[in-house]
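Working notes, beginning with the structure itself.
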2 protein chains.
Amino acid sequence: MSGTNRRRITSKELAKLAGVSSATISRAFSPDSRIGSATRDRILAVAREYGYQPNAIARSLNNQRSRLVALVVNAIGNPCEAEEQQLLVHRLQARQLLPILLCCADHSDRLQLMRLASTYQVDHVVIFSDMVSMQDAVDIFHTTRPIIVSFEPLENEDVSNIRIDGALGAGEIIDKIVGDGKKRFAYLSGTKSSWIDKLRRKWFADALARHGLSFEAEAFGDYSYDSGFKEAVLLLHRSKVDAIICGNDVMAIGARDAARRVLGKNTPEDIAIVGQDGIAMAAWDCNDLTTLSLDHVAFMDAVVEVIERHEAGDEGPHSITLACTPRWGSTA
Amino acid sequence: MSGTNRRRITSKELAKLAGVSSATISRAFSPDSRIGSATRDRILAVAREYGYQPNAIARSLNNQRSRLVALVVNAIGNPCEAEEQQLLVHRLQARQLLPILLCCADHSDRLQLMRLASTYQVDHVVIFSDMVSMQDAVDIFHTTRPIIVSFEPLENEDVSNIRIDGALGAGEIIDKIVGDGKKRFAYLSGTKSSWIDKLRRKWFADALARHGLSFEAEAFGDYSYDSGFKEAVLLLHRSKVDAIICGNDVMAIGARDAARRVLGKNTPEDIAIVGQDGIAMAAWDCNDLTTLSLDHVAFMDAVVEVIERHEAGDEGPHSITLACTPRWGSTA
DNA sequence: TAGTGTTGTGCAAACGATTACACAAACGCA
DNA sequence: TGCGTTTGTGTAATCGTTTGCACAACACTA
């Protein structure tokens, strides 16, 4: 049991040791199957002694269920995704499902990566990344119904989705800032290409429109602190805005630091700064960010609920909508 | 090709369609195997047409290599681990290895989780978590030689390891702080049980000893901002320390906020605060933390190097040591 | 032209489990 | 006692690949 035995013992070998057939070994490890309880106990004892565990690969081949889940994400380093992934991974583990992580950073070949994962016959696929197209996901994982995290109703009826809607929350935030006397807004995007980012921007743009306002300036970062900092400096040098809505919290913190350090502007008096995501860090004393926040726990609960329905055989497609709500901090 | 076909086509079926045997299909997908290039091209064309990809589960069963890697971590939410994992996942993906994430947060049954992963016949195991004992890891993954990230030379000769040594760097930091006139030090631990934390503490304690000093106070958090904040408040209320060494950067930021907000003490004049890890956030303008920093890129390069040696058949065990160096910020 | 490689392909046996089917033993009941 | 049911176990097929072996076709060489 202790020490390294290079080879793992197989059910057939264990069968010989326990004086039964390999079928009986298998039954000893399946909770509800016809087997004498004395036999099962004996087998489990012998199995423990020799460190036997059924080979999940062989089992998957036979069952046609791998109990693997592909998680397609942009980046782990991004705190927002990290928080969500943490929650999701725990929920999966509790259900004896193992997550395979696919990280779609810019340089990697996302499609090839997804194809590779799909050859492992994953039982479920959760797409968090807005860098892969829905159609690609459906094509590549054509045996599982993917679960897509989206920000608008989907026209494709082959995917289940979790939809996130921040229109109302964005409205509340804009109302407050306009009420405080700010008039000149800028939007600092997370990426140029992301359709998620475009939608988030639209929530705020629509809210501004109701006040007869619109974004006077735009900038594009990459969701990182550094890009938030740099773009905010450029933005504030070239236009006289008094409010910046940022694509995520991390960029908002960067923008806040830039305003304070480079231009000597304080929040919320001189300039209002708003984030999006509602990561834990936003609530830290040194940040205390006003942000359009998503309840990550509810979010991941929703994902797991859809997974469970799929597991139960009800492939839907299912759709769940979650609303974002403001977190009021001292930056706006 | 587009649209959802529930069932995946098998090599035998494709063989029929292409007018060859399934063995030939297999050979078409193995880079160097005896097969006519005309046949291969034809098969690949037909395969593309029907969306065929060899089943990795079946292949793994036959090959005895799954190309799966188990990553045993404490938590993804922790920025330090997230940064490292991000780097590692990319490197694995580039080598067509897929990571399975095992998250050892407090409540989950770590051993059962590792046993589950081991049934998937993972080719490699990387243990980042100090919540699992080395012996458990070796026992459970007895067919692969685990790679352990450790902070001291290991006596167990069955594991490869990456050893992290911060003794020198800690010395530099302590020298500087003592040189600045500070005399009363506290250590704010990440956890009570972690042996990693104990070793990190020792680096600083040894350095203090060379100045004839020692830690006057201790506190225990859980590596989170909130715990850093809370414990620092308690610590500063019950003792008159003028320097706090923290178990990680996030706690250091919490402690800094607590000192500033609750007690009105500024760094580095009133109190010196030091972190450990060297996460990206430490360098943000709003933090500018002095911290004992590890080069995460070099760290993950080392992990991958060991994996590659194992893949090449040289199971070592291998050991690589990395040193931590100070990052000088404005908090100490 | 016969002899020797070399190439390309198919057959069939693994890989390590699960499970439908068959069958013997044990049991319940009239 | 005899029949029907339940219980426990074994046999063998199956899941979808890979690969050693055999063999035919072809290309060289002498």
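Working carefully through the options A:L88, A:L111, A:L92, find the one that is more than 8 Å from chain B (Cβ to nearest Cβ), among the hydrophobic types (A, V, I, L, M, F, W, C) and open to solvent by 10 Å² or more (accessible area, probe 1.4 Å).
Within the list A:L88, A:L111, A:L92, the selection yields A:L111.
State whether one or more residues within the stretch B:257-277 are part of a helix (DSSP H, G or I) and either in contact with a strand residue (DSSP E or B) (Cβ under 6 Å, 6 or more places away or on another chain) or within 30 Å of B:R95 (Cβ to Cβ) (or both).
No: the stretch B:257-277 contains no residue that is part of a helix (DSSP H, G or I) and either in contact with a strand residue (DSSP E or B) (Cβ under 6 Å, 6 or more places away or on another chain) or within 30 Å of B:R95 (Cβ to Cβ) (or both).
Run B:L101 past the list (1) open to solvent by less than 30 Å² (accessible area, probe 1.4 Å); (2) closer than 22 Å to A:F141 by Cα; (3) not assigned by TED's automatic domain parsing to the domain that holds B:A312 and report the number of the one that doesn't hold.
(3)
Pick from the stretch A:306-322 the residues that are touching a His at 6+ places or on another chain (Cβ under 9 Å) and either modelled with pLDDT of 95 or more or not acidic (D, E) (or both): which of them is surrounded by the most Cβ atoms within 10 Å (Cβ to Cβ)?
Taking the candidates together, the pick is A:V306.
Among the residues of the stretch B:256-270, is there at least one that is open to solvent by 10 Å² or more (accessible area, probe 1.4 Å) and over 30 Å from B:S214 (Cβ atoms)?
Scanning the stretch B:256-270 turns up no residue that is open to solvent by 10 Å² or more (accessible area, probe 1.4 Å) and over 30 Å from B:S214 (Cβ atoms).
Given the options B:S30, B:S66, B:S60, name the one that is under 26 Å from B:R115 (Cβ atoms), within 9 Å of DNA strand D (Cβ to nearest atom) and not basic (K, R).
Every option except B:S60 fails the conditions.
Name the residue that is most open to solvent (accessible area, probe 1.4 Å), counting only residues in the stretch B:271-305 that are in contact with a Pro (Cβ under 8 Å, 6 or more places away or on another chain) and away from chain A (no Cβ under 14 Å).
B:S293
What number of residues in the stretch B:12-64 are crowded, with 16+ Cβ neighbours inside 10 Å, near DNA strand C (Cβ under 7 Å from one of its atoms) and within 14 Å of another protein chain (Cβ to nearest Cβ)?
2
Just give me the residues in the stretch B:95-152 being of a type in the set (S, T, N, Q) and touching a residue at least 12 places away in the same chain (Cβ under 8 Å), in sequence order.
B:Q96, B:S118, B:Q121, B:S129, B:Q135, B:T143, B:T144, B:S150
The values are calculated or read from the model by the stated rules, or taken from the named source; none is laboratory data. What you are looking at is a predicted structure, and each value in this text was computed from that prediction instead of being measured. Cβ: placed from backbone, ideal geometry, glycine included. Neighbour counts: every protein chain shown. All accessible areas refer to the heavy atoms of the entire protein, side chains included, with ligands and DNA or RNA removed. Shrake-Rupley method; radii C 1.70, N 1.55, O 1.52, S 1.80 Å.
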